[in-house]
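The values are calculated or read from the model by the stated rules, or taken from the named source; none is laboratory data. Because the structure is predicted, anything quoted here is derived from the model rather than measured. Neighbour counts run over all protein chains shown; Cβ positions are idealised from the backbone, glycine included.
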Amino acid sequence: MKIFEKKSVTGHSFLDLLMDRTLEKKYNYWSWRTIISLMITYSLYYFVRKNFSVAMPAIEAELGITKAQLGIFLTLNGVIYGLSRFVNGILADRFSKKLIMILGLGLSALVNLFICFSPKLNGIMNLLNDEGKATLGLVYLIGGLWVINGYLQGMGVPPCLSLLANWIRPSQLATRQSVWNASHSLGAGFVAVLCGWLLSKYGYSAWNLCFAIPAIIAIAGIPVIIFGIKDKPAQVGLPPVEKIDEMERGGQQVEEVGDEKSDDITTAQYKKVLSRMVFRNPYIWILAGANFCVYVIRFTILDWGSSFLTQYKGMDISQAASIVATSELIGGILGMLLAGWATDHLFKNRAHWTCLFCTLGATISFLVFWKTQSLGASVFFLVLSAFFIYGPQALLGACASLQATKRAAATANGILGIVGYLSPIVSGAVFGVLADRSWDLVFLVSVIFGTIGCVIIAIMWSAPANGYAKLEKVLKENTEA
C-alpha cells in the first residue's frame, strides 16, 4: 500500500492523488538520505574511537604501557562517554542535531592527532625514559586525551537516534535503524583493517599512524553532515512520521503539512514528557540494565579481540585484526539487519523480543568460542557471537526510541548510554587486571553477564511495541491541566 494513498479514492481529484504520491516519494527520499548520511558520518566516529583498541598491542610493546593501564583508559573513556551520551541526549532532543554531530566528530579527530604527536613533546614534558618507554607523564597524557575523546564521542549517537526517530515511521524504525546501526560495524571493521594493515606493514613502531590517518579521514567526512542532513521533516515540508503511520492505518489523505514549528511542543510539555516517558518509565530502566550486560560482551570482543586472539589463541596481529574486522563487517552487520527485519516482520515491531533471543545466542556462542580448541571453530563462533550481539546492540536503542517516542528518543537513549557505558568498568579496568592473570577469567565473567542480560530483558516480554498511545495521554493531560 502506498503510505500516503487513500484506501478509497472516490470523490478525490487526480491532483489529490498526485500530491499523495509526490509526498510519498519525497518522504522515502529524505528518509533514506538521512539514514545513508548518518551511516557514513557515524562510521567515521568509529575511525577515531576504535582505532585505539587495535593499536593497544603496539602501544603496550612500544611504550611499555601495561594492560591494566590500558584497561583504565578504556574504563574512564567508557564512563565519560556514557555521561556524554546522557548530556548530549537532552541537548539533541531540543537543539540542532547537526551542530552537535559536527563539533563532536571534528574535535575527536583533533584529539587523535594530539595522541599521534604526543611523544614529540618529550623534550618539553619528559614523557619518555632512556629506553624510549613511556613515563607516567605520557601515560597520564594519553589517558587524559582518551578520556576527553570519550566525551566528544558521546556527541555522535544522541543526534543520530533523535534524527532517526524524527525521520523514520515507528512501524519501520527497527528495520531502518538496524540499517543505520551497521555504521558501528562498518566503522569498527574498516578501522581494524586499516590499523592492522599499518601495523603489519610498518611494524609496531608505527602505532601513531593508527591515530593520524583515521583522524584525517574523519575530518574529510564532516561535509556529509553539513549538506546531507536536515534536523526534522517539517524543514522540507513533510508531516511528522507518526502521523504518516496514522494516515496509512486510517486511509487518510495529507491535506496540509504545516510549517517548521508545527510539530514543536512547549517547555512544560517537554518536561512532562521527559518525566513520564523516560525517567518514570520502567521499560527504559529495564532496557538500560540489559544494555549494560550486552555491552560487556560486545566490548570484550571489540576492545580485547586483537589482544586475546594473539595472546590466547596464538594468532599474529594482522590475522587477529582481520578476524575482529570480519566479526564486525560480516557477523555484526548481518546480525543487526536480520534482527531488525525479524522485529518488524515476525515479532509485530516488538524489538525487545528479538533482543532476548539474540542475547541468548550471543552468550552461548561466546561460551563455545572460549571452550573450543579448534582454531577454525574459534573464528566461527567469535563471528557468530558478534552476529547475535549486534541484534540487541542495535535494537535496545530502537526499543528505547519506540517506548520514549521521538519526543524523548535521544534522552531515553542517553539513559541506556550512561548505564551501558558503565560496562567498561568491567570490560576495561577489571578485564585488564583479569587478563594479566588469565584470559579464562575474562571469558567466564563475560558469559555470566550475558546470562544476566537474558534474565533482565525477559522481564519486559509483555511490553507494547511503542509508547505513542501513552504519549498522547501525557500531552492531553498537560493540555487539560
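Taking segment 149-184, which residues are farther than 15 Å from Ile35 by Cβ, outside any loop (DSSP other than H, G, I, E, B), of a type in the set (Gly, Ala, Ser) and within 14 Å of the chain's Cα centre (by Cα)? Once the filter is applied, which keeps residues that are farther than 15 Å from Ile35 by Cβ, outside any loop (DSSP other than H, G, I, E, B), of a type in the set (Gly, Ala, Ser) and within 14 Å of the chain's Cα centre (by Cα), segment 149-184 yields only Gly150.
Of all residues in segment 112-132, exactly one satisfies the criterion of being among the charged types (D, E, K, R) and modelled with pLDDT of 80 or more, namely Lys120. Out of Ser307, Ser365, one residue alone is hydroxyl-bearing (Ser, Thr, Tyr) and under 17 Å from Gly453 (Cβ atoms). It is Ser365. Listed by first and then second residue, the pairs with beta-carbon distance under 9 Å, at least 6 apart or on different chains, first residue in segment 121-135 and at positive phi and surrounded by 12 or more Cβ atoms within 10 Å (Cβ to Cβ), second assigned to a loop (DSSP other than H, G, I, E, B) and modelled with pLDDT under 70, form an empty list. Counting only residues that are in contact with a Gly (Cβ under 8 Å, 6 or more places away or on another chain) and either in a loop (DSSP other than H, G, I, E, B) or surrounded by fewer than 17 Cβ atoms within 10 Å (Cβ to Cβ) (or both), segment 427-441 holds 1 of them.
Each row is one residue, and each column tells you yes or no for (1) modelled with pLDDT of 85 or more; (2) in a helix (DSSP H, G or I); (3) closer than 16 Å to Arg276 by Cα; (4) within 18 Å of the chain's Cα centre (by Cα).
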| residue | (1), (2), (3), (4) |
| --- | --- |
| Phe381 | yes, yes, no, no |
| Phe388 | yes, yes, no, yes |
| Gly391 | yes, yes, no, yes |
| Arg407 | no, no, yes, no |
| Ala412 | yes, yes, yes, yes |
| Ile425 | no, yes, no, no |
| Phe443 | yes, yes, no, no |
| Thr451 | yes, yes, no, no |
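In the set (1) in a helix (DSSP H, G or I); (2) modelled with pLDDT under 85, the condition left unmet by Ile102 is number (2). Of the residues examined, Arg94 is one that is closer than 30 Å to Asp231 by Cα, charged (D, E, K, R) and surrounded by fewer than 19 Cβ atoms within 10 Å (Cβ to Cβ).
Scanning segment 195-232 for residues that are in a loop (DSSP other than H, G, I, E, B), touching a helix residue (DSSP H, G or I) at 6+ places or on another chain (Cβ under 7 Å) and more than 21 Å from Pro159 (Cβ to Cβ) yields Trp207, Asn208. Considering segment 298-342, the residues that are touching a Phe, Trp or Tyr at 6+ places or on another chain (Cβ under 6 Å) and buried (at least 24 other Cβ atoms within 10 Å of the Cβ) include one that is farthest from Phe381 (Cα to Cα), namely Met336. Consider Gly221 carefully, then state whether it is within 22 Å of Ala404 (Cβ to Cβ) and at pLDDT 90 or above. Judged against the criteria, Gly221 is not a match.
Here Ser365 meets the list (1) closer than 13 Å to Ile297 by Cα; (2) among the polar types (S, T, N, Q); (3) crowded, with 24+ Cβ neighbours inside 10 Å almost entirely, failing just condition (3).
Among the residues examined, Lys406 does not qualify as more than 22 Å from Ser327 (Cα to Cα), surrounded by fewer than 22 Cβ atoms within 10 Å (Cβ to Cβ), of a type in the set (D, E, K, R) and touching a residue at least 24 places away in the same chain (Cβ under 8 Å).
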